[in-house]
1. Tally the residues that are on the phi > 0 side of the Ramachandran plot and part of a loop (DSSP other than H, G, I, E, B), restricting the search to the range 265-295.
2. Just one of (1) touching an Asp or Glu at 6+ places or on another chain (Cβ under 9 Å); (2) not in a strand (DSSP E or B) trips up Trp481, so point out which.
3. Does Lys362 satisfy the condition of being touching a residue at least 40 places away in the same chain (Cβ under 8 Å), surrounded by fewer than 19 Cβ atoms within 10 Å (Cβ to Cβ), outside any helix (DSSP H, G or I) and of a type outside the set (Ser, Thr, Tyr)?
4. Yes or no: the range 226-240 includes at least one residue that is part of a loop (DSSP other than H, G, I, E, B) and in contact with a Ser or Thr (Cβ under 6 Å, 6 or more places away or on another chain).
5. So which of Ser164, Ser159, Ser171, Ser143 ends up being without any contact (Cβ under 8 Å) to a residue 60 or more places away in the chain, farther than 28 Å from Gly292 by Cβ, out of contact with any helix residue (DSSP H, G or I) (no Cβ under 7 Å at 6 or more places or on another chain) and open to solvent by less than 40 Å² (accessible area, probe 1.4 Å)?
6. Restrict the check to the range 104-120 and report whether at least one residue is among the hydroxyl-bearing types (Ser, Thr, Tyr), outside any helix (DSSP H, G or I) and closer than 29 Å to Arg294 by Cα.
Amino acid sequence: MHGLKILGAVSNIPLLISAQCPQYIDYAKKAHGPLSSGKYKLAYQRPSEECRTFKSQGLEDTLIHMESVIKDPDLYRLFQNAYPNTLDTAIKWRGHAADNADEELTFIITGDINAMWLRDSSNQMQSYLPLLNASSDPNSIASLYRGVINLQARYLLTSPYCNSFQPPVESGIAPAENDAASQDTVFPTYSNTSVFECKYELDSLAAFLEISADYYKATGDSKFFGKFQWAQAVQAVLDVAEDMMLPTYGPDGAVLKSPYTFTRYTTRATETFANDGIGNPVANGTGLIRSGFRPSDDSTIFQFYIPANMMFSSYLGSTAEIMSQLNTANSAILASKMSDLAESLHNAIETHGTVDHPTYGKMYAFEVDGFGGRTIMDDANIPSLLSAPFQGYKVDFDTYANTRDLILSNSNPYFMSGPVINAIGGPHQGPGYAWPMASIMRILTSDDDDEIFNELAQIVSSTAGLGLIHESINSFNESDWTRQWFSWANGLFGQMILDLESRKPEILESSFQ
């Protein structure tokens, strides 16, 4: 080795990686051999073994196993590159809390920014649910999960309205600069030393509940949740949710003080709020929770963002079971409160979050305001309307079917069509750019063999030879794409392939040549 750099840590012992390891943001832009033997000659994009940020024998065994299951060489190469991507490239640091040597911490980045998003890190770990089992081994997937949950709990107790956070002080990694947020005016205020960006997103709060429920369901380890700050973080989440049910106007018509406000100097309308930071008005009496931003980090038009309310309702119900087992002074009260809110939110969505469309019939709206305003569309980012069943939300079957028909057609203003790929996109990258993430979610929520095959064929054929899942692709130009390093989307692709092995193994025997 010609020099070393610290890239991670176990038990606060540095994991030393060769300084010659290339930055993956640069590495992933180029095609590396050996190329796959299929029609598309896809590159091999895993970093060399000594440059990977976390090693899992379970992962390597899965890759070997799937080589005999996936018959198409290009589809296998895409799985081989994509599924390990978070473990290979994004586990930036692992260690323990400075004030408690038993409290594991895991700092996960999404890409080239040394910051951790609540939503992204939860979903990045969700990809490895098939590998998760109960383990006290500090080099296990279970340890990674516990470290993420503990660090997210710290973040939520620091700034519960924020979505993206700086490296923990224990890591020794310098805080990242966010030039885009340098002139933000946000209430409640926050510190740049702990927060990277403070866009309030209801789905980010739900993501903390999601990863908690995932860990518990896979391991049965309820004792972990009583050891550190999990219950306090859940209380912080519930406090925000309750505050953000506040309407714009009081009974006498007076404008109420919003618990959260946001303004940014920007040329993009989706990067700031209307009405000097409070957003467009919302009505009283819906029972829904406001969200300032969507999971795309774009601001909502109407703040009752239905996919996030769906996700929050679903995972409140899942984590109430964990809370009920903690046997603390107020855990039973909190568990009951969580269950009640989960049920009331579900009722609110089915009552106020649906519309009667003149062509498609009763369907779920993307956003509503309680006054009759609604946005009819879907966005590729998760949670979405498309992803509702995947998130565990108990959809009305007919309402979801009608919704699906609309959002997967040109009646959705952000459904992108073209000779390269047909999929939902969104305003984050704009018209013309389809997101493979939406194609993956379409497969995960479909039982139609032809639909699944067609989506897989489009995904495999649209990587411009790089063999990684891009953020978005010009539906008319395979070579025009955004973000070659998107570990969440890569992991979701792998998760989807493993799901197909379980429920549609014959499709993985297909050829896409």
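The values are calculated or read from the model by the stated rules, or taken from the named source; none is laboratory data. Please read all numbers here as calculations on a predicted model, not as lab measurements. Cβ placement follows ideal geometry from the backbone for every residue including glycine, while neighbour counts extend to all protein chains displayed. Ligands, DNA and RNA are excluded from the accessible area calculation, which covers all protein heavy atoms including side chains. Shrake-Rupley method; radii C 1.70, N 1.55, O 1.52, S 1.80 Å.
1. Applying the first criterion (on the phi > 0 side of the Ramachandran plot) to the range 265-295 yields 275-277, 279, 285, 287.
After this cut, where a residue has to be part of a loop (DSSP other than H, G, I, E, B) as well, the list is 279, 285, 287.
Going through the range 265-295 one residue at a time, the tally reaches 3.
2. The one condition Trp481 does not meet is (2).
3. On the way: touching a residue at least 40 places away in the same chain (Cβ under 8 Å): yes; surrounded by fewer than 19 Cβ atoms within 10 Å (Cβ to Cβ): yes; outside any helix (DSSP H, G or I): yes; of a type outside the set (Ser, Thr, Tyr): yes.
So Lys362 passes the test.
4. If we filter the range 226-240 for residues that are part of a loop (DSSP other than H, G, I, E, B), which is where we start, we get 227-229.
Applying the additional criterion that residues be in contact with a Ser or Thr (Cβ under 6 Å, 6 or more places away or on another chain) yields none.
The answer is no; no qualifying residue exists.
5. Working: Ser164 fails: farther than 28 Å from Gly292 by Cβ; Ser159 fails: farther than 28 Å from Gly292 by Cβ; Ser171 fails: without any contact (Cβ under 8 Å) to a residue 60 or more places away in the chain.
Result: Ser143 is the single residue among Ser164, Ser159, Ser171, Ser143 that is without any contact (Cβ under 8 Å) to a residue 60 or more places away in the chain, farther than 28 Å from Gly292 by Cβ, out of contact with any helix residue (DSSP H, G or I) (no Cβ under 7 Å at 6 or more places or on another chain) and open to solvent by less than 40 Å² (accessible area, probe 1.4 Å).
6. yes
Residue-wise test of (1) of a type in the set (Ser, Thr, Tyr); (2) over 18 Å from Ile149 (Cβ atoms).
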| site | (1), (2) |
| --- | --- |
| Thr62 | yes, yes |
| Met66 | no, yes |
| Val69 | no, yes |
| Tyr83 | yes, yes |
| Thr86 | yes, no |
| Trp93 | no, no |
| His96 | no, no |
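Rundown of residues vs (1) free of Cβ contacts under 8 Å to residues at least 12 places away in the same chain; (2) closer than 20 Å to Gln484 by Cβ; (3) open to solvent by less than 30 Å² (accessible area, probe 1.4 Å), yes/no style:
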{"position": "Phe397", "(1), (2), (3)": "yes, no, no"}
{"position": "Tyr400", "(1), (2), (3)": "no, no, yes"}
{"position": "Asp405", "(1), (2), (3)": "no, no, no"}
{"position": "Asn412", "(1), (2), (3)": "no, no, yes"}
{"position": "Met416", "(1), (2), (3)": "no, yes, yes"}
{"position": "Ile421", "(1), (2), (3)": "no, yes, yes"}
{"position": "Gln429", "(1), (2), (3)": "no, yes, no"}
{"position": "Trp435", "(1), (2), (3)": "no, yes, yes"}
{"position": "Ala438", "(1), (2), (3)": "no, yes, yes"}
